[in-house]
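Nothing in this text is a laboratory measurement; each read-out follows from the coordinates by a stated rule. Nothing here was measured: the structure is a model prediction, and the numbers come from that model. Glycine also receives a Cβ, built like all others from the backbone with ideal geometry; neighbour counts cover every protein chain displayed.
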Amino acid sequence: MLLENKVILITGAARGIGAAAARRAVEEGAKVAVVDIDMDEASAVAHELGSSTEAFRCDVSDLQQIDSLVASVVARFGRLDALVNNAGICPRVSIEDMTEALFDRITAVNLKAVFFLSRVAAEAMKPNHAGRIVNLSSTGGRTGGIYNATVYSATKAGVISMTKAFARHYAPWNILVNAVAPGAVETRMMTVLPEESLQEVIRTAPLKRLADPVEIANCIVFLSSDLASWITGATMDVNGGTLMV
């Protein structure tokens, strides 16, 4: 029970990696705030996982909703021990077709939200003099991305840099901040790729397959637990050997 009685807030938890992380956290004894912009799917996940969870609707790009979210989670569970910044979007748009509005939306969800939600969450963790923040980056943040994901990859590179800055800043309160950089995972973000592009991704991976979301969730659970007590400012590459750094 790595997370026994810990309260964990997970964004983008209605499906994919976020839902897998919520399930693993509950299995390890955590109380989980299942957060997503899609309340119906978030509620379904929370219902599946039982009374130790609750669904919350939040557009993480909206700063007022972020403030209200953290206050609501603390009111419901009494404290906040860990934040998992998993919410993200990756519209597949070429450089030539990218618009300012879409650029701003991707940046707001993938990068701005990580900054402001982490800041609010850290303030809630300070009184306990302990906490964990786990940010979801991407192998694309290391490489520049593939198949019309330029802006997405830029935001994920920004997450890696921001993780280091937050780790330094909140170390005096024993709030540890780390990132996970998944490779290709069997989620909607990857399976919408054209078949030829998807097969090329699989072909270039030494393990020759997509990751199961739970394989990323396992790393998230580890970084949220007391086992990671000497890790901060790190980015863990969980990519099946596609990129070795």
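Based on alpha carbons, the Rg and Dmax found for the chain are 16.9, 51 Å. Principal axis extents of the C-alpha atoms in the range 155-213 (largest first, rounded to whole Å): 48, 21, 18. Contact order, relative form, for the range 85-228: 24 percent (alpha carbon pairs under 8 Å, 6 or more residues apart, mean separation divided by residue count). Please check: in the Gaussian network model of the chain (C-alpha springs, under 10 Å), which one of Val192, Val26, Val84 has the largest mean-square fluctuation. In this elastic network of the chain, the residue with the biggest mean-square fluctuation among Val192, Val26, Val84 is Val192. Within a straight-line Cα-Cα reach of under 18 Å, Lys112 can be paired with the following lysines, leaving aside sequence neighbours fewer than 8 residues apart in one chain: Lys156, Lys164. Taking GluC sites (Glu not before Pro) across the range 70-127, the ones in a DSSP loop with at most 16 further Cβ atoms lying within 10 angstrom of their Cβ are Glu96.
Taking one equal scatterer on every alpha-carbon of the range 74-135, how large is log10 of I(q)/I(0) by Debye at q = 0.23 1/Å? At q = 0.23 Å⁻¹ the computed log10 ratios are -0.91. Over the range 1-95, with a single point scatterer placed on each C-alpha, what log10 of the ratio I(q)/I(0) does the Debye formula yield at q = 0.10, 0.20 1/Å? Each listed q maps to, in turn, -0.24, -0.88. Counting only Cβ charges, +1 for Lys and Arg and -1 for Asp and Glu, the dipole size of the range 7-238 around its Cα centre is about 700 debye.
Classified by the C-alpha gyration tensor, the range 30-176 has an oblate form. Its axis ratio a/c, with a ≥ b ≥ c, is 1.5 or above, and a/b does not exceed b/c. The overall shape of the range 99-228 is oblate: from the C-alpha gyration tensor, with semi-axes ordered a ≥ b ≥ c, the ratio a/c is 1.5 or greater and a/b is no larger than b/c. Once the Cα-Cα distance is subtracted from the 0.36 nm per residue extended length, the Asp212 to Ser52 segment shows a gain of 55.2 nm.
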